[in-house]
Amino acid sequence: MSEQLPIEDLPIWARFNNVGLLDVKITESDGKGYGVVCQKKPSTHQDAIDKPILLSVPRALVLNHDAVREYAKEDRGFKQLLDAVGHRSARTDILLFLLVQTALTSRPQHTSVGIINPWTNYLRFLPRNVPVPTLWNGDERLLLRGTSLDVAVNAKMTALVAEFDAIQSTSSTIPCWNELLWEHRTVSLRNWIQLDALYRSRCLELPRSGESMVPCIDMINHSANPTAYYDEDDQDEVILLARPGVNLDEGQEMTISYGKSKSAAEMLFSYGFIDQASTIESLVLPIDPFDDDPLAKAKRVGFGEAPRVYLERDDSGSIIWKSPFAHLMCVNEEDGLEFRILQDTYGGQQLRIFWQDDDVTDRAKDFESILEGHPLHALFRLRAVIVVQECLQTQLEQARSYENVSEPGDVRPECVAAAQTLRTMEVRLLESGIEALEKERASLLEDETVVAYLGSMKTTEEGGDDQETDEDTEDFS
Ligand SMILES: C[S@@+](CC[C@H](N)C(=O)[O-])C[C@H]1O[C@@H](n2cnc3c(N)ncnc32)[C@H](O)[C@@H]1O
């Protein structure tokens with residue numbers, strides 16, 4: 001990337017591009033990078049007397065999937081690139097656009113491809129370092145061991161490398177793009193990782209236009225008690241407004257909420273910080289089918305998404321958990337589960353999941369409710385409870401084993417602190433989760449269908465093999 005532009009020059013860029021920095025300025029904010037500060041008590045806007053507009057951005061500057069498609073209509077070269085390596089997701093198309101802008105800022109003089117637009121220069125104002133873990137160094141990422149982000153961040157790094165390699169290998173076969181992007185090493189994997197971090201940490205969910213990057217409004221920081229909010233007005237602009245009842249003073253930092261339902265792990269992953277005042281206590285963990293389950297592969301493929309356990313503490317302090325896959329893991333052919341390969345109309349084959357002879361493939365994500373009407377539901381639930389409890393226990397042991405490990409090598413104190421906060425929050429939730437599951441297990445063991453089932457199993461086993469103990473019988477559940 002070419003040299004970063006000083007934030008003091010942003011008002012000039014804003015004026016050229018019709019961005020209204022009304023009563024606000026963008027400046028350094030203590031420990032949070034840049035921020036938006038109220039310059040004088042906001043004046044009222046003619047169209048909204050009681051809603052002072054603090055910042056307005058023309059729609060033409062909003063960057064989202066539609067904007068990238070529009071840009072491709074004007075720039076045939078970019079369309080060629082997009083057709084060759086894009087159209088995989090909105091995110092990758094937007095990152096591709098930003099990668100090209102990055103290259104254009106340090107364009108070798110003789111290249112002709114690529115059209116300069118307002119984002120080419122805006123990108124030069126954005127911070128090079130975003131504190132998200134994908135931009136932590138290898139030693140810093142080790143700090144995440146024992147947290148739910150360990151696997152997630154490693155998987156993300158692998159995905160970023162694969163995305164970048166695919167773009168490089170295909171686009172280097174197009175001479176003009178090879179010249180701009182690769183011949184002079186204008187962009188690198190580091191740029192791709194930076195752009196991914198910028199996108200994730202600066203994307204806003206606009207009420208009408210959906211996920212978008214909006215210049216200048218993306219300079220506003222988060223608070224659990226925000227003073228401002230953004231909206232889209234009838235003049236086709238994205239605007240920043242003071243929240244009703246908020247009295248802004250000169251010099252006061254404006255803040256918005258980045259969302260109330262994000263976990264600590266999501267906040268750290270997407271934004272690089274954890275605000276304990278606004279995160280919900282929740283956790284997502286991977287879960288693996290039993291090694292000795294002959295249907296393990298079919299269950300994984302048929303389920304159609306990564307098997308997970310979701311754990312959350314709700315507003316009243318109660319623990320809620322959910323894991324449709326754990327329920328699927330715990331039923332088998334003898335319970336009424338079946339997998340069939342069906343031929344589709346195009347001659348292809350499809351793996352379908354059947355439960356009690358009903359095709360439930362399209363409802364697999366809701367396998368917990370599928371089991372609900374069954375007479376042995378309590379027994380299936382008990383099996384799932386045991387599986388999930390074990391999963392939480394393993395994660396808790398891992399988290400604890402890294403609690404007092406001394407920090408490896410070259411690590412920044414802010415990364416140590418963020419990883420520590422995450423681990424502490426996750427340990428607390430895991431402990432509560434295990435306790436709640438223990439109570440549920442005890443109560444299910446008293447359920448009359450479970451008692452009857454376990455009793456019948458015991459009788460059968462005593463008849464067949466005198467060596468079996470009560471404990472073995474219980475484990476079977
Ligand atoms: C949308 S940008 C906001 C502008 C940003 N501060 C900048 O320098 O460009 C989001 C980033 O700002 C920082 N940030 C925002 N709110 C924060 C907060 N409450 N505490 C710490 N960092 C914050 C984080 O680095 C986050 O990834």
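The values are calculated or read from the model by the stated rules, or taken from the named source; none is laboratory data. Just so it is clear, the model here is predicted, and its values are computed rather than measured. We place every Cβ from the backbone using ideal geometry, glycine too, and count neighbours over all the protein chains shown. In case anyone asks, the SASA skips ligands and DNA or RNA and just uses the protein heavy atoms, side chains included. Shrake-Rupley method; radii C 1.70, N 1.55, O 1.52, S 1.80 Å.
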Notebook entry, point to check: Taking 0.36 nm per intervening residue step and subtracting the Cα-Cα distance, what contour gain separates ASP233 from SER456 on full extension?
Noted result: 73.5 nm
Note to self: Modelling each spin label as a point 7 Å along the Cα-to-Cβ direction, I'd like the ASP410/SER318 distance in nm, to one decimal.
What the structure shows: 5.1
Next item on the list: Sort segment 101-162 into rounded, prolate or oblate with this rule: let a ≥ b ≥ c be the square roots of the eigenvalues of the Cα gyration tensor; rounded if a/c is under 1.5, and if a/c is not under 1.5, prolate when a/b is larger than b/c, oblate otherwise.
Entry: prolate
Note to self: Suppose each label sits 7 Å from its Cα in the direction of the beta carbon; what would the ASN18-PHE290 distance come out to in nanometres?
What the structure shows: 6.5
Notebook entry, point to check: Suppose R0 equals 45 Å; then what is the FRET efficiency for ILE116 and ALA166 from their Cβ-Cβ distance, rounded to the nearest 0.05?
Noted result: 0.95
Item checked: Average accessible area per residue (Å²) across segment 65-202 - probe 1.4 Å, nucleic acids and ligands excluded -> 41
Check: Given H placed on each backbone N at 1.01 Å, which residues far from VAL309 in sequence or on other chains put an amide H within less than 5 Å of it?
Finding: LEU285, ILE287
Notebook entry, point to check: Using only the Cα atoms of segment 276-376, what do you get for the radius of gyration and for Dmax, in Å?
Noted result: 16.1, 54
Next item on the list: Could you size up the charge dipole of the chain around its Cα centre, putting +1 on the beta carbon of Lys and Arg and -1 on that of Asp and Glu, and report it in debye to the nearest 20?
Entry: 2900
Item checked: Listed residue (ALA155, GLN194, SER172) projecting farthest to the positive dipole end of segment 65-202, Cβ model -> GLN194
Margin query: Among the listed pairs LYS79/LYS260; LYS297/LYS439; LYS32/LYS260; LYS32/LYS365; LYS25/LYS79, which have their C-alpha atoms separated by more than 28 angstrom in this model?
Written below: LYS79/LYS260; LYS297/LYS439; LYS32/LYS365; LYS25/LYS79
Item checked: Projected area, mean over directions - the chain, Cα convex hull, nm² -> 29.5
Check: Rounded to a whole number, what is D in µm²/s for segment 65-202 from Stokes-Einstein with the Kirkwood radius over alpha-carbon pairs (37 °C, 0.692 mPa s)?
Finding: 208
Margin query: What would the Debye equation give as log₁₀ I(q)/I(0) for segment 213-298 at q = 0.15, 0.17, 0.23 Å⁻¹, counting only Cα atoms as equal point scatterers?
Written below: -0.70, -0.83, -1.16
Notebook entry, point to check: How far apart, in nm, are the 7 Å Cα→Cβ label points at CYS176 and ARG441?
Noted result: 6.4
Checklist line | aspartates and glutamates whose Cα lies under 15 Å from that of LYS262, excluding same-chain neighbours fewer than 8 positions away | finding: GLU205, ASP275, GLU281, GLU312, ASP314, ASP315, GLU426
Next item on the list: May I ask you to derive the FRET efficiency for VAL246 and GLU338 from their Cβ-Cβ distance with R0 = 60 Å, giving the value to the nearest 0.05?
Entry: 0.50
Next item on the list: State the percentage of accessible surface on segment 184-264 attributable to carbon and sulfur atoms; use a 1.4 Å probe and exclude ligands, DNA and RNA.
Entry: 41
Check: For segment 281-446, which whole-number percentage of the solvent-accessible area (1.4 Å probe, protein heavy atoms only) is attributable to carbon and sulfur atoms?
Finding: 47
Item checked: Contact order normalised by residue count of the chain, Cα under 8 Å, 6+ apart, percent -> 15
Check: Is segment 297-338 best put as rounded, prolate or oblate by its Cα gyration tensor, with a ≥ b ≥ c the root eigenvalues, rounded for a/c under 1.5, and otherwise prolate when a/b is larger than b/c, oblate when not?
Finding: oblate
Check: Counting pairs of alpha carbon atoms under 8 Å apart in space and at least six apart in sequence, what relative contact order in percent does segment 65-202 give?
Finding: 32
Next item on the list: Among ILE239, LEU206, GLY146, flag the residue with its Cα farthest along the positive direction of the charge dipole of segment 143-261, charges on Cβ as +1 for Lys/Arg and -1 for Asp/Glu.
Entry: GLY146
Notebook entry, point to check: Could you work out the helix-only [θ] at 222 nm for the chain, with each DSSP H run of four or more residues adding -39,500 (n - 2.57) and the total divided by the number of residues, to the nearest 500 deg cm²/dmol?
Noted result: -13000 deg cm²/dmol
Checklist line | Prolate/oblate/rounded call for segment 287-437, Cα gyration tensor, a/c under 1.5 rounded | finding: prolate
Check: So which helices of the chain fit the span-like rule, where a helix is a whole DSSP H run, its Cα atoms reach 30 Å or more along the axis, and its mean Kyte-Doolittle is at least 0.5?
Finding: 149-171
